[in-house]
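Participant: Quick one: the structure is below, questions incoming.
The values are calculated or read from the model by the stated rules, or taken from the named source; none is laboratory data. Please read these numbers as outputs of a predicted model, since none were measured by experiment. For neighbour counting, all protein chains shown are included, and Cβ atoms are generated from backbone atoms with ideal geometry for every residue, glycine included.
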Amino acid sequence: MLKQLSLFLLIMALFSSCKLLNPSLMLHTPKDYKYDETPKVVDREARLNPNDQITMLVFTNDGFKLLDLTSETRINTNQMANSTFYRVEFDSLVNLPIIGRVKLGGLTIREAEAALEEAYATYYIQPFVLLKITNRKVLVFNGVDGGAKIVPLPDETTNLLRVIAQAGGISRAGRAYDIKVIRGEYATPKVYHFSLRTMEDLKKADFIMESNDVVYVTPSPQVARKLMTEIGPYLSLLTTLLLVINYFKK
């Protein structure tokens, strides 16, 4: 009877452990999954898209005060950070002071600045415009159970390695050789695979990130620890039963 009870408890524990061994694993792909081909690194400028949030500063005299380093009114990074935010609406229009709604969606930053300088030329002498996209970000799961961070993209040249560094690096439980980048609509995403385990892999780390990309560092299953966590209560119960049985046998 004791042997049967022990065997039953052990089977229940192992079954439970197998089922719940790695419940936090996300975005699993089968071994034969065909990843998308990694695009080549190209010099490109970010384009304004619907729901992008931008800041804008307008100067006169072709930005003379901006470029005059002796002037007390020169621009600094804090001025851009504290500027009023404007949103690119669903129809690619942006509602701006004085000139009203202007179509900026689909334009690069440089093209949008030129278009606004032309529009403000009606009201200012030689206007000089500075634009910055402020709400572009990626979501990073760095291999920690329940751990994720939203990382802002400061510019259009931010690569995969920099984003992982900004998220705190790869955790001890994360697999540096099994990193996925998910891009595009969730219904039909593109999935790229990367390894950062060797110096040779570093060549592929110069992967330019785009807004709303998801970086997922696959966590290690940590079988031993989780197995002991699952089996622990059963072992404790079994030990208690053995002690009780042994007590009554005396």
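Residue-wise test of (1) at pLDDT below 75; (2) on the phi > 0 side of the Ramachandran plot; (3) of a type in the set (Asp, Glu); (4) more than 18 Å from the chain's Cα centre (by Cα).
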site	(1), (2), (3), (4)
155	no, no, yes, no
199	no, no, no, yes
206	no, no, yes, no
216	no, no, no, no
233	yes, no, no, yes
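Participant: Just to be sure I understand the filter: pairs with C-beta atoms under 6 Å, separated by 6 or more residues or on different chains, first member in the stretch 111-133 and charged (D, E, K, R), second member part of a helix (DSSP H, G or I). Which pairs pass?
Facilitator: Final answer for the pair search is 132/80.
Participant: Here is a further query. Based on this model, can you work out whether residue 112 counts as surrounded by fewer than 18 Cβ atoms within 10 Å (Cβ to Cβ) and of a type outside the set (Val, Ile, Thr)?
Facilitator: Numbers: surrounded by fewer than 18 Cβ atoms within 10 Å (Cβ to Cβ): no; of a type outside the set (Val, Ile, Thr): yes.
No: the conditions fail for residue 112.
Participant: Which of the residues spanning the stretch 130-180 are among the acidic types (Asp, Glu), surrounded by fewer than 16 Cβ atoms within 10 Å (Cβ to Cβ) and over 28 Å from residue 105 (Cβ atoms)?
Facilitator: The answer is 145, and nothing else.
Participant: Based on what the data block shows, is residue 158 closer than 18 Å to residue 40 by Cβ and of a type in the set (Ser, Thr, Tyr)? I'd like the intermediate steps shown before the answer.
Facilitator: Details: closer than 18 Å to residue 40 by Cβ: yes; of a type in the set (Ser, Thr, Tyr): yes.
Yes: the conditions hold for residue 158.
Participant: Is it the case, given these coordinates, that residue 202 is in a helix (DSSP H, G or I), under 30 Å from residue 29 (Cβ atoms), touching a helix residue (DSSP H, G or I) at 6+ places or on another chain (Cβ under 8 Å) and in the same structural domain as residue 33 (by TED's automatic domain parsing)? Talk me through it step by step, then tell me what you get.
Facilitator: On the way: in a helix (DSSP H, G or I): yes; under 30 Å from residue 29 (Cβ atoms): yes; touching a helix residue (DSSP H, G or I) at 6+ places or on another chain (Cβ under 8 Å): yes; in the same structural domain as residue 33 (by TED's automatic domain parsing): yes.
Here the answer is yes, as residue 202 does meet what is asked.
Here's the yes/no breakdown for (1) surrounded by fewer than 14 Cβ atoms within 10 Å (Cβ to Cβ); (2) at pLDDT 60 or above; (3) touching a helix residue (DSSP H, G or I) at 6+ places or on another chain (Cβ under 7 Å); (4) of a type outside the set (D, E, K, R):
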{"site": "2", "(1), (2), (3), (4)": "yes, no, yes, yes"}
{"site": "7", "(1), (2), (3), (4)": "yes, no, no, yes"}
{"site": "13", "(1), (2), (3), (4)": "no, no, yes, yes"}
{"site": "26", "(1), (2), (3), (4)": "yes, yes, no, yes"}
{"site": "39", "(1), (2), (3), (4)": "yes, yes, no, yes"}
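Participant: Could you go through the stretch 155-166 and let me know if any residue there is in contact with a Ser or Thr (Cβ under 7 Å, 6 or more places away or on another chain), part of a loop (DSSP other than H, G, I, E, B), in the same structural domain as residue 30 (by TED's automatic domain parsing) and of a type outside the set (Val, Ile, Thr).
Facilitator: Taking the stretch 155-166 first, the residues in contact with a Ser or Thr (Cβ under 7 Å, 6 or more places away or on another chain) are none.
No; the residues of the stretch 155-166 include none that is in contact with a Ser or Thr (Cβ under 7 Å, 6 or more places away or on another chain), part of a loop (DSSP other than H, G, I, E, B), in the same structural domain as residue 30 (by TED's automatic domain parsing) and of a type outside the set (Val, Ile, Thr).
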